[in-house]
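Asker: Got a structure for you, written out below as structure tokens; questions coming shortly.
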Amino acid sequence: MMLTLGDPADFPLFALASILISLAAVPVALTAARPPVRLMQSRLRPVKLYSESPVGVVGVLLAGVATGAFWSLGPSYAIALGADTSEIAIFMSVTVLGGALVQWPIGRLSDSCDRRIVVIGLCGVGVLAALTLAVVNIEERTVIAALVAVFGASAMPPYAICAAHAFDHIDTQDTVETSSGLLLANGLGAIAGPIAAAFLMGPIGRGGLFIATATAHLMLAAFVIWRIRTSRPVPTVERSEFDLSTTAPTMVALTPQEKAGE
């Protein structure tokens with residue numbers, strides 16, 4: 001939303017963003033919490049991680065494709081609609097807001113059932129919202145804002161849900177290795193997503209962006225359905241509790257004492 005404060009082509013907004021990032025580190029540096037214990041050495045083993053949680057790896061990969069495409073080319077979609085700078089800021093912000101509002105309740109829902117079912121539901125909503133934005137010629141700005149908010153609510157949580165699903169299948173000492181592998185897969189998806197979407201936006205136009213995200217969600221839903229048919233869900237007693245600190249795209253490693261608030 002800071003785009004509304006000045007010309008994004010000028011330097012002050014970049015400087016302000018840099019200042020805010022620096023200030024954000026201050027309360028972290030002043031914390032009285034004990035530093036984390038030295039982590040045991042771990043190795044990055046993507047094949048092993050995939051063998052333990054195929055849905056976790058493929059899920060974060062395709063989630064990266066969808067979200068990476070949107071973060072990179074969402075402003076271009078808005079510009080093609082004739083949006084000005086303020087409207088672009090709102091367009092991107094409501095997407096973030098939609099994802100932020102549902103992240104925690106969707107995560108808690110996934111604690112009470114097979115997380116893979118939740119992923120399929122999110123993908124279904126994401127496909128419907130994306131195809132509507134890609135195919136239907138909508139002129140009303142409020143309707144577009146509502147649709148991108150729904151898209152954000154469906155496209156942002158899958159990383160966290162798939163990561164939580166992966167943590168359900170690993171031992172505690174493998175947390176860092178698993179987080180690293182998931183971040184790598186998500187990063188690769190975030191690289192591929194904008195490229196694929198750009199190729200589609202060339203011949204199709206602005207709708208190519210959401211055709212790309214819908215395709216990613218369809219692929220993920222199909223893969224998860226296949227896995228549900230071929231493997232049993234994790235028993236409830238063995239399922240880890242949804243935790244944003246370990247399922248967000250920024251890895252946080254906590255000791256059991258820190259998690260318990262000791």
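Asker: Six or more apart or on different chains, Cβ under 6 Å: which pairs go from a residue in region 172-196 that's in contact (Cβ under 8 Å) with a residue 24 or more places away in the chain and surrounded by fewer than 21 Cβ atoms within 10 Å (Cβ to Cβ) to one that's among the β-branched types (Val, Ile, Thr) and part of a helix (DSSP H, G or I)? Could you list them?
Answerer: Qualifying pairs under 6 Å: Ala192/Val65.
Asker: Of these, Thr132, Thr142, Thr175, which one is of a type in the set (Ser, Thr, Tyr) and either in contact with a Gly (Cβ under 7 Å, 6 or more places away or on another chain) or under 30 Å from Arg43 (Cα atoms) (or both)? Steps first, please.
Answerer: On the way: Thr132 fails: either in contact with a Gly (Cβ under 7 Å, 6 or more places away or on another chain) or under 30 Å from Arg43 (Cα atoms) (or both); Thr142 fails: either in contact with a Gly (Cβ under 7 Å, 6 or more places away or on another chain) or under 30 Å from Arg43 (Cα atoms) (or both).
Going through Thr132, Thr142, Thr175 in turn, just one is of a type in the set (Ser, Thr, Tyr) and either in contact with a Gly (Cβ under 7 Å, 6 or more places away or on another chain) or under 30 Å from Arg43 (Cα atoms) (or both): Thr175.
Asker: Are there any pairs, at least 6 apart or on different chains, whose C-beta atoms fall under 7 Å, with the first in region 117-137 and over 20 Å from Val224 (Cα atoms) and the second of a type in the set (Asp, Glu) and surrounded by 16 or more Cβ atoms within 10 Å (Cβ to Cβ), and if so, which?
Answerer: none
Asker: Continuing with this model, one more query. Among (1) farther than 26 Å from Ile225 by Cα; (2) free of Cβ contacts under 8 Å to residues at least 40 places away in the same chain; (3) surrounded by 15 or more Cβ atoms within 10 Å (Cβ to Cβ), there is one condition Leu147 misses while meeting the rest; what is its number?
Answerer: Status for Leu147: all satisfied but (1).
Asker: Assess whether Leu44 counts as being closer than 16 Å to Ala185 by Cβ, outside any helix (DSSP H, G or I) and not small (Gly, Ala, Ser).
Answerer: Details: closer than 16 Å to Ala185 by Cβ: yes; outside any helix (DSSP H, G or I): yes; not small (Gly, Ala, Ser): yes.
Spelling it out, Leu44 is indeed closer than 16 Å to Ala185 by Cβ, outside any helix (DSSP H, G or I) and not small (Gly, Ala, Ser).
Asker: Checking Phe14 against (1) assigned to a helix (DSSP H, G or I); (2) of a type outside the set (Asp, Glu); (3) surrounded by 14 or more Cβ atoms within 10 Å (Cβ to Cβ), only one condition comes out false. Which one?
Answerer: Unmet for Phe14, out of (1) assigned to a helix (DSSP H, G or I); (2) of a type outside the set (Asp, Glu); (3) surrounded by 14 or more Cβ atoms within 10 Å (Cβ to Cβ): (3).
Asker: Still on this structure, please answer the following. Take region 153-162 and flag every residue that is farther than 18 Å from Val47 by Cβ and either touching a residue at least 60 places away in the same chain (Cβ under 8 Å) or surrounded by fewer than 24 Cβ atoms within 10 Å (Cβ to Cβ) (or both). Write out each step before concluding.
Answerer: Just the residues of region 153-162 that are farther than 18 Å from Val47 by Cβ, to begin with: 153-161.
Listed by number, the residues that qualify are Ala153, Ser154, Ala155, Met156, Pro158, Tyr159, Ala160, Ile161.
Asker: Take Gly98 and decide whether it is crowded, with 22+ Cβ neighbours inside 10 Å and touching a residue at least 24 places away in the same chain (Cβ under 8 Å). Lay out the reasoning, then the answer.
Answerer: Details: crowded, with 22+ Cβ neighbours inside 10 Å: yes; touching a residue at least 24 places away in the same chain (Cβ under 8 Å): yes.
It is true that Gly98 is crowded, with 22+ Cβ neighbours inside 10 Å and touching a residue at least 24 places away in the same chain (Cβ under 8 Å).
Asker: Testing Met201 on (1) over 14 Å from Gly56 (Cα atoms); (2) surrounded by 19 or more Cβ atoms within 10 Å (Cβ to Cβ); (3) of a type in the set (A, V, I, L, M); (4) within 19 Å of the chain's Cα centre (by Cα), one condition comes back false. Which one is that?
Answerer: So the condition that Met201 fails would be (4).
Bear in mind these aren't lab numbers, they're just calculated from the coordinates by the rules spelled out. Everything numeric in this text was worked out from a predicted model, so none of it was measured. Please note: Cβ atoms are built from the backbone with ideal geometry, for glycine as well, and neighbour counts cover all protein chains shown.
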